[in-house]
1. For a distance above 12 Å, tell me the whole-number percent of Cα pairs in the range 297-362 that qualify.
2. What's the angle, to the nearest 10 degrees (0 to 90), between helix 656-665's Cα axis and the longest principal axis of the chain?
3. Of all beta bridges DSSP finds with both residues in the range 58-313, what is the antiparallel percent, to the nearest 5?
4. Looking at the chain, send over the antiparallel percent of its DSSP beta bridges, to the nearest 5.
5. In degrees, nearest 10, range 0 to 90: what is the angle between the Cα axis of helix 103-112 and the longest Cα principal axis of the chain?
6. How large are Rg and Dmax for the range 414-539 when calculated on the C-alpha trace, in angstrom?
7. Separation of the range 613-668 and the range 222-262 by C-alpha centroid, Å?
8. What list do you get for TYR663, TYR249 if you sort them by fewest beta carbons within 10 Å?
Amino acid sequence: MNPTSRYPGVLGGGLLAACLALSGCGGGDDGPDAVATPAPTPTPPISDAAGRKALVIDLDGPSYAALQDALAQGRATGLDGLQIAPAWTGGRSGTLTEQPTTGRPSWASLLTGQWSWRHGVNWEQGSATLQAPTVFSALRQAATESRSGAASTQALYVDLLRPDVDAGALNTLADCSAEAQAIDCVTRQAGDMVAQGYDLTVAQLSAPGAPAQAIATLATAVTRLRTQLDDRLATHPKESWLVLVTTGYGADRYGSATGTQAVDSKTTFIASNATLGALGTDPAAPQTPDALYARAAITDIAPTVLRHLAVPVDSSAYAFEGQALQASLALRAATAQAGADKASLALSWQIEGTPAEALRLLRDGQEIAVLPPETRSYLDDALPAAQDGRHAYRYTLVSGDAVMSWPARIDFVTPMPLATTLTNGLRSYYSFDGATPVDATGLSTLVPWDASADGGSALPADNFLGRWTSPAWRLDTTVVGADGVAGYRLRQNAGDITDNTQFTVGFWFRSNGLCARSLSNGVPIFSNKNWHSGGNPGITIGLWNGCELRFNLGGSGRIDNSGHALTDNQWAYLALVVDRSARTFTSYVFDPVKGQQIKSLAFSAALGNFVPGLGTGFSLAEDGTGSYITKENNAGSPRGQMDFNELALWNRVLTEQELVSIYRAGRPLHTLQP
């Protein structure tokens, strides 16, 4: 296509008409010295037609920081009088929406209001085609007589729009990439579209050179396009035009596009000739990702244009991963996180402004909840997944005139209900939900070894997500009491749990960075023995180098279930089952990364007699004496923080299926209690 010859014959036709007009004046009768009177320049007629139209200008090259400098120095006059605010591109880091912070993926996001996981354009080069509908096709579907056009300096950008031309959604597509003066070509072509009153015109401009030079060149082009628009409005004063100016990606401090998720590479801008409530007016560049996600995004442009053009929005079919910026509220920072049960999604969002009515939440177009206006999170634990595997969903939040969608993906595992038999034989249960540890059965106490040692502290959230989230308990063994004791001691009121022929101990545990330290002498987690030697009478669950868990029983000889793998800083479920009638010592570790691990050893009747250890009950975060770490002088047994939750003791053998249900159900034991 030769952009300079889109309207052939216009100039020649005009000259012919002028000559015919002069010939018809009878000038031949006035003699050779007669002088013709010039015809007056006609005043363009003023149109009474109203209409809503939009001009979008995408500047490929300038960073927001460079633009701020240019504006301060008066070198970006083409953007004078516009509402300008920082924005972002590149999707949300570390999520399904993340994409390179480069030109072509961002151009695709501008056109579709989607991130690359939906629109399919991940690279600058290649033959990828758009997998999501564009703003042009949405407009044509809503208004079949509408006219749209685009002009670009980049051939690869143009290629993404050729299917729209073939489908009749785009009236004019000007490829200026081969022109010697490509920017002039784009401003001329896009200017013609504006002059003809196209409903939607998109101009994409790329300028080489240093940031200051590029901005000056692009600002001049913007000025020319806005002048064309002013000329159009002079003859069509009742038209309402929206002008948006943006850039597709940021740059590092050297002015280079890196494609990374660094804040400066993700930071762009949006400028508007209309006041847009959800765009914001704070010109300060965000310094952190979270601050950036609280601003407008490049995916907001498509829905903003369509709202101005009065294209109806059906919230049940809303697919834009952005919102119309004309809305009175700004919906931002929407996320979706898989729940601990691997069968639910924890959703969260931010709202700038005060919603005046209830929020509507939809999943794949179906309303799933009507929420109070102040709600900022929701647990979707009723996912319609028919089987285990990877599933994707689209959530839509509606708050007044603000609508936004975002994607979620989960590796779904069919929920396993918490075994109802877990209340059988339960002799002690600490949920750690209160200000101090309390046994829900009333059959034991759990207190610090010494009043001057660490008394423990409640954590704001435990290993459960969503509706089951509640506090957990942290013990800090760096705070010691008299004689160097630390940790907690568990005392049962009517006989120790080890007096039973069979018993099970289970709890959630998090190591809190201990694995990064030297553990050559081990750190006791749960014990009823003097652990100076593993051969001493009693039981210890201990943490060793390499984040290894060992379950030890000593007395008349010793046995050790060694080699259990724990992931540092992650919640894992630990359980020990002792059966003196079957003479088995069985340990379980359920780790979110290392998986399910089971080890079982047989022991002699003689060794079974030493299960009660010191006979004074168990300790948490210490051995049965409360002073193991002090006695070891911290040599290979460092002090630190340990987190506990859901400590329970049963006077029977729990089955593997019962223990698996504790780990996979993602809910606390007290939900079984009436």
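Here, each number is a calculation from the coordinates, and none is a lab measurement. These numbers were taken from a predicted model, which means no experiment stands behind them. Because the Cβ atoms are built from the backbone with ideal geometry, glycine has one as well, and the counts that use them run over all protein chains shown.
1. Numbers: 1635 of 2145 pairs.
Within the range 297-362, distances greater than 12 Å cover 76 percent of Cα pairs.
2. Roughly 30 degrees between the two axes.
3. The antiparallel proportion sits near 40 percent.
4. Working: 110 of 137 bridges.
Expressed as a percentage, antiparallel bridges in the chain total about 80.
5. Taking Cα atoms only, the helix is inclined about 80 degrees.
6. 16.4, 51
7. 62
8. Numbers: TYR663 23, TYR249 26.
Final ranking by Cβ density, sparse to dense: TYR663, TYR249.
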